[in-house]
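Peer 1: Before anything else, here's the structure in question.
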Amino acid sequence: MIQSIICNMPRRLLSPALVLSVAALISGCAGPAGGGLTAIGIESQYADVLSQIAGPYAGVRAIETNPNTDPHEFEATPSVARAIASASLVVENGLGYDPWAGRILAAAPNARRQVINVQRLLGLPVTANPHVWYNPRTMPAVASAVAAALSRLRPAHSAYFQAQVRRFDASLEPWRRALAAFKRRHAGTPVAVTEPVADELLEAAGCTILTPYSLQIAIMNGLDPAPQDVAAEEALLREHRVKVLVYNRQVTNPLTTSFLELARRSGIPVVGVYETLPAGYHYQSWMQAELAALEHAVSRGASTETLGPGAGHP
Amino acid sequence: MYPLELIVPPGFLANEPVRTALIVGAGAAIVSAVVGVFTVMRGQSFAGHALADVSSAGGSAAFLLGISPLLGFLGVAALAAGAMEWADVRDARERDLVTGVMLGVGLGVTALLLYLGTIQGSTSGAAIAVLFGSMFTIPASIVPLAIGVAGVALVAIAVIYRPLLLSSLSADLAQARGARVRRTGLVHALALALAVSLAAMTVGAILSTALLIGPAAAALRFADRPGRALAWAVAIGWAATWGGILLAYDSFYWTPGHGWPVSFFIVALIFIAYLLAGLARWRPRQPALRRPA
C-alpha cells in the first residue's frame, strides 16, 4: 500500500528548542491536575488542540513531534506503546501517516478508550493527501470530536469542554478572515510546491498549484521522480510561471535542494512549510504565520524560508 | 512527425536529468562490462556482488554527511576490494564464507547509516537511491567525476590487459610464465571497486551486480575470444542502459502519470540479452539471434 510508505522522517525539527517547548506543553497540563485522564495526540498538532479543549482536566502528551515517520524507520519503544495503550483518549491522523499507532491500539484492546481517527472523522479515502490539518475544516471537526469524547469520559465537565470548543473556533476566525481576504486579492495565484504538505491551505487560499501531483507524491514517498516532472518543475521556476515556491522544511533531498536554489537564483520567493507544530507555536498561530508568509511572498516578493520563533498564545 | 519520434519522444534529449543519466549510465555500463568479463572469468561474481553491497555503506554514509554519493561508494568499495585481495583466501569455499560475512556486515552498517541519515540528515528517499538507484536525481555536477572514474578504471585494465587475461584463465600458468599475479589481482580488484561504485550510482548498490555480471555472462555464453567477449559485453551493457533510460522515460506516458523505475528496465533488458545469448549458443548457425536486445 503506497500510503504506508509515505513520507520520510522530518528531522530538523528534533531541535532542543522543540523538545523543550513540547515538554513545556506537556508539563503544563500533565500531572495530578490531569484528574487521572491521559490524552495522547499522535502528532503534536493534535496534542495542541487536545490540550486546548481539555484544559486542566487531562494530561496531554504528543508522541510524534516528528510525525512524518517512515514506518521502516519508526520503532515504537515499549514506553510509547505503554503510554498509548493506557491512554483514555487518542487522536491519530490515519491516511497511512501513523499506521503503527493503530497497530498498538489494536494490540491493547480497551473498551473504554476513546480513539479519534481523523481520516475516519472526515470520511476521507485512504489515498487522500495525509496532511489534513492544513485544511481549514479539519481542526474544528477534531475539536468537536475531542469535546464529545472528553464528555463521555468526564460528563461532569461537559459544559466546560463545549465552551472550549467555541473558544477554539472563535480563535480560528482571524485565520479564516485572512484566508478570505487573500482569496479576494490574489485568487488564482500560480504556485509551485515540493510536496503536497500545504496543498489544502493553498487551495483554500485560492492558489493554483502548477507542480505535477505525481512529482509531489514521488518526493513525499522518496521515489524516483519522472524526468518529465522534474523538467516541468524547473521550467515553472526558471520561466517565472509561479509567484511562490512552497517548500517542505522537513523533508529535503538533493532534488528539492536544487529546486530551492533554482527559485533563489530566479528571484522567486520561497515559503517554508512544516509537518509538525514549529517551536513556540500553537495550531492557530502556526496557520496564521504560514498564511502571512504566503501573503508576504505574493504581495512583496519576500521569502520566509523558516518561521521565526512563535508568538505562543492562540 | 518523424518515425524516430515514436521511439525517442520529443524533449527526451533536451531533458537535463535524462542527459545526466545517459552520460553517467553509459560510463557505468562500459566499465562494468569490461571489468565484469574478467570478474566472471576469474569466478569472482559473488565477490563482485558483495563488494557492491558493502559499498552501499559508503553511499549511505555520503547521504548522512552530505557529500557526493559517488565518493562514498568509491571509498568503501576501494577499501573492501583491497581487504579482499589482501586476505587472499585460496580455498573457494572459505572465500565464499568470508565474502558472505562481509556482505552481511556491510548491509547491516548501511541499515544503521540510513536510519541515522533519515533521522538527523533531513534527507528523503536515501534508501531507495542507495539500494535501487535513482538515475534521474543524479546531480549534473557529478558528471566530470564519473567520467574521470570510468577513465581511470579503463586505463588500469588496459595497462594490465595481457597478464590479467592470463591470470584470469589460469593463475598457475600465469605464475609459471612469471606474471605478477598478486599485483594484477590487486589492480583488477581496484578496477572492480571503481566499476561497482559507478554502477551503484546508477542502478543502486544491490542491482549493480546486474550491470557487472549480466552483460559479461551473456557475452561469454557465445563469444569465442576475449576481445570479442569484451566488445559484446560493452554493447549489451550500454544498449541495455540507454534502452532502459528510454523505456523509463516513455513509461511516463503509459503508466498512470508517474513512470516506472529505470533500474527495473535496465535489469530486464540485460536479462533478455542473457536469455537470447543462450539461444545463440544452442543454435550458433542463426546469426540473427546473436544481436543483443
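Peer 1: Would you mind stating whether A:S15 is at pLDDT below 85 and surrounded by fewer than 20 Cβ atoms within 10 Å (Cβ to Cβ)? Lay out the reasoning, then the answer.
Peer 2: On the way: at pLDDT below 85: yes; surrounded by fewer than 20 Cβ atoms within 10 Å (Cβ to Cβ): yes.
So A:S15 passes the test.
Peer 1: Just a yes or no: is a residue in region A:260-268 polar (S, T, N, Q) and within 13 Å of chain B (Cβ to nearest Cβ)?
Peer 2: Within region A:260-268, the first condition is being polar (S, T, N, Q), and the residues that meet it are A:266.
From what is left, the residues that are within 13 Å of chain B (Cβ to nearest Cβ) are none.
No, the conditions are met nowhere in region A:260-268.
Peer 1: Still on this model: So for region A:168-186 (the condition being among the small types (G, A, S) and crowded, with 18+ Cβ neighbours inside 10 Å), does at least one residue qualify?
Peer 2: Taking region A:168-186 and keeping what is among the small types (G, A, S), we get A:170-171, A:178, A:180-181.
Okay, now just the ones that are also crowded, with 18+ Cβ neighbours inside 10 Å, so none.
Within region A:168-186 (the criterion being among the small types (G, A, S) and crowded, with 18+ Cβ neighbours inside 10 Å), the answer is no, since none of the residues qualifies.
Peer 1: On the given criteria, is A:V270 assigned by TED's automatic domain parsing to the domain that holds A:A204 and either buried (at least 24 other Cβ atoms within 10 Å of the Cβ) or under 24 Å from A:E64 (Cβ atoms) (or both)? Show your work before the answer.
Peer 2: Working: assigned by TED's automatic domain parsing to the domain that holds A:A204: yes; either buried (at least 24 other Cβ atoms within 10 Å of the Cβ) or under 24 Å from A:E64 (Cβ atoms) (or both): no.
Judged against the criteria, A:V270 is not a match.
Peer 1: B:V155 fails exactly one of the following numbered conditions: (1) modelled with pLDDT under 85; (2) more than 16 Å from B:P69 (Cα to Cα); (3) not in a loop (DSSP other than H, G, I, E, B). What is the number of that condition?
Peer 2: Here B:V155 meets the rest and fails (1).
Peer 1: For the subset of region A:238-248 comprising residues that are crowded, with 22+ Cβ neighbours inside 10 Å and in contact with a Ser or Thr (Cβ under 8 Å, 6 or more places away or on another chain), which member is nearest to the other protein chains (Cβ to nearest Cβ)?
Peer 2: Within region A:238-248, the first condition is being crowded, with 22+ Cβ neighbours inside 10 Å, and the residues that meet it are A:242, A:244-248.
Still in the running and in contact with a Ser or Thr (Cβ under 8 Å, 6 or more places away or on another chain): A:244-248.
Working: A:V244: 21, A:L245: 17, A:V246: 16, A:Y247: 12, A:N248: 9 Å.
Step by step, filter region A:238-248, then rank; the result is A:N248.
Peer 1: Tally time: how many residues in region A:273-314 are part of a loop (DSSP other than H, G, I, E, B) and surrounded by 16 or more Cβ atoms within 10 Å (Cβ to Cβ)? First the steps, then the outcome.
Peer 2: Within region A:273-314, the first condition is being part of a loop (DSSP other than H, G, I, E, B), and the residues that meet it are A:274-282, A:301-303, A:305-314.
When the remaining residues are screened for being surrounded by 16 or more Cβ atoms within 10 Å (Cβ to Cβ), the result is A:274-282, A:303, A:307, A:310, A:314.
So the answer is 13.
Peer 1: Which condition number does A:Q228 fail, the rest of (1) away from chain B (no Cβ under 14 Å); (2) under 28 Å from B:Y253 (Cβ atoms) being met?
Peer 2: It fails just one condition, (1).
Peer 1: Same structure again: Answer yes or no as to whether A:D169 is within 11 Å of another protein chain (Cβ to nearest Cβ) and among the acidic types (D, E). Walk me through how you get there before you give the answer.
Peer 2: On the way: within 11 Å of another protein chain (Cβ to nearest Cβ): no; among the acidic types (D, E): yes.
Here the answer is no, as A:D169 does not meet what is asked.
Peer 1: Then there is this: Among the candidates B:R228, B:R285, which residue alone is charged (D, E, K, R) and modelled with pLDDT of 90 or more? First the steps, then the outcome.
Peer 2: Working: B:R285 fails: modelled with pLDDT of 90 or more.
The match here is B:R228.
Peer 1: From (1) at pLDDT 70 or above; (2) surrounded by 14 or more Cβ atoms within 10 Å (Cβ to Cβ), pick out the condition that doesn't hold for B:P292.
Peer 2: Evaluating B:P292 over (1) at pLDDT 70 or above; (2) surrounded by 14 or more Cβ atoms within 10 Å (Cβ to Cβ) leaves (1) as the failure.
Residue-by-condition table, conditions (1) surrounded by fewer than 18 Cβ atoms within 10 Å (Cβ to Cβ); (2) closer than 27 Å to B:A277 by Cα; (3) among the acidic types (D, E); (4) within 14 Å of another protein chain (Cβ to nearest Cβ):
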| site | (1), (2), (3), (4) |
| --- | --- |
| B:I138 | no, no, no, yes |
| B:S141 | yes, no, no, yes |
| B:A146 | no, no, no, no |
| B:A153 | no, yes, no, no |
| B:S168 | no, yes, no, no |
| B:A179 | no, no, no, no |
| B:S208 | no, yes, no, no |
| B:L212 | no, yes, no, no |
| B:A219 | no, yes, no, no |
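Peer 1: So, B:S56, is that one part of a helix (DSSP H, G or I), within 22 Å of A:T257 (Cα to Cα) and of a type outside the set (D, E) or not? I'd like the intermediate steps shown before the answer.
Peer 2: Numbers: part of a helix (DSSP H, G or I): yes; within 22 Å of A:T257 (Cα to Cα): no; of a type outside the set (D, E): yes.
Considered against the rule, which asks whether it is part of a helix (DSSP H, G or I), within 22 Å of A:T257 (Cα to Cα) and of a type outside the set (D, E), B:S56 comes out as no.
Residues checked against (1) modelled with pLDDT of 95 or more; (2) of a type in the set (F, W, Y):
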{"position": "A:V118", "(1), (2)": "yes, no"}
{"position": "A:V126", "(1), (2)": "no, no"}
{"position": "A:N129", "(1), (2)": "no, no"}
{"position": "A:Y134", "(1), (2)": "yes, yes"}
{"position": "A:A147", "(1), (2)": "yes, no"}
{"position": "A:Y160", "(1), (2)": "yes, yes"}
{"position": "A:P174", "(1), (2)": "yes, no"}
{"position": "A:F182", "(1), (2)": "yes, yes"}
{"position": "A:A192", "(1), (2)": "yes, no"}
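Peer 1: Would you pick out the residues in region A:197-215 that are more than 7 Å from every other protein chain (Cβ to nearest Cβ) and closer than 26 Å to B:L22 by Cβ?
Peer 2: Result: A:T211, A:P212, A:L215.
Peer 1: Related question: Applying the selection to region B:133-178, what residues are farther than 19 Å from B:V31 by Cβ and in contact with a Leu (Cβ under 6 Å, 6 or more places away or on another chain)? Spell out how you get there, then give the answer.
Peer 2: Initial filter on region B:133-178 (farther than 19 Å from B:V31 by Cβ): B:134, B:136-137, B:139-141, B:162-163, B:166-167, B:169-178.
Scanning region B:133-178 gives B:T137, B:A174.
The values are calculated or read from the model by the stated rules, or taken from the named source; none is laboratory data. Small disclaimer: the values here were computed from a predicted structure and weren't measured. Methodologically, a virtual Cβ is constructed for each residue, glycine included, from the backbone with ideal geometry; neighbour enumeration extends over all protein chains shown.
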